[in-house]
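The values are calculated or read from the model by the stated rules, or taken from the named source; none is laboratory data. All values derive from a computational prediction rather than experimental measurement. Because the Cβ atoms are built from the backbone with ideal geometry, glycine has one as well, and the counts that use them run over all protein chains shown.
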Ligand SMILES: CC(C)(COP(=O)(O)OP(=O)(O)OC[C@H]1O[C@@H](n2cnc3c(N)ncnc32)[C@H](O)[C@@H]1OP(=O)(O)O)[C@@H](O)C(=O)NCCC(=O)NCCS
């Protein structure tokens, strides 16, 4: 095992949500440092998002990461997440973004 990808319901009590009552599907990722820089995280996350788009069509997925975590910020952008807001949590600035398999119309 070199890492893990998670899709969980985000705690409605925490800052950051796109559904009015919270409980957004949230993507998480954590890989061993020796597996960084190979594209594995991007490949695994894209596969998880592909699966999610079939399982729960039209439901968005959110992601939260420290703005200081440049690898994570690059991965979020590569996967197609777009910024919703930034806020302070755990003593540092957090970036909160959303991804949707549905192409916006108009
Ligand atoms: C966030 C994290 C998953 C990013 O891992 P990563 O390996 O940088 O991410 P990617 O899978 O997108 O890989 C991108 C890198 O692989 C390189 N790469 C090499 N071969 C590649 C290939 N065949 N295809 C794609 N990318 C490739 C890219 O050039 C890029 O390298 P660079 O960042 O040095 O430019 C990892 O840093 C991590 O687990 N961090 C600790 C946990 C964490 O912070 N999680 C977020 C908490 S919210």
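Output yes when any residue across the stretch 41-57 is modelled with pLDDT under 95, within 16 Å of residue 103 (Cα to Cα) and out of contact with any strand residue (DSSP E or B) (no Cβ under 9 Å at 6 or more places or on another chain), and no when none is.
yes
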For a quick check of your reading of the model, give me the residue pairs whose first member lies in the stretch 45-68 and is over 30 Å from residue 88 (Cβ atoms), whose second is assigned to a loop (DSSP other than H, G, I, E, B), with beta-carbon atoms closer than 8 Å and at least 6 apart or on different chains.
53/101; 57/101; 57/102; 58/100; 58/101; 58/102
So, in the stretch 55-76, how many residues would count as being over 14 Å from residue 29 (Cβ atoms) and within 11 Å of the chain's Cα centre (by Cα)?
1
Take the conditions closer than 18 Å to residue 81 by Cβ and free of Cβ contacts under 8 Å to residues at least 12 places away in the same chain and apply them to residue 11. Does it pass?
no
Kindly list the number of the only condition in (1) within 11 Å of the ligand (Cβ to nearest atom); (2) part of a loop (DSSP other than H, G, I, E, B); (3) touching a residue at least 12 places away in the same chain (Cβ under 8 Å) that fails for residue 38.
(3)
Consider residue 12 carefully, then state whether it is assigned to a loop (DSSP other than H, G, I, E, B), more than 7 Å from the ligand (Cβ to nearest atom) and surrounded by fewer than 14 Cβ atoms within 10 Å (Cβ to Cβ).
yes
Filter result for the condition that a residue is closer than 19 Å to residue 95 by Cα and more than 10 Å from the ligand (Cβ to nearest atom), over 28, 22:
22
Checked the stretch 82-106 for anything more than 18 Å from residue 22 (Cα to Cα) and assigned to a loop (DSSP other than H, G, I, E, B); matches are 90, 91, 101, 102, 103, 104, 105, 106
Considering only residues of the stretch 18-31 that are under 25 Å from residue 70 (Cβ atoms) and in a loop (DSSP other than H, G, I, E, B), which is farthest from the chain's Cα centre (by Cα)?
18
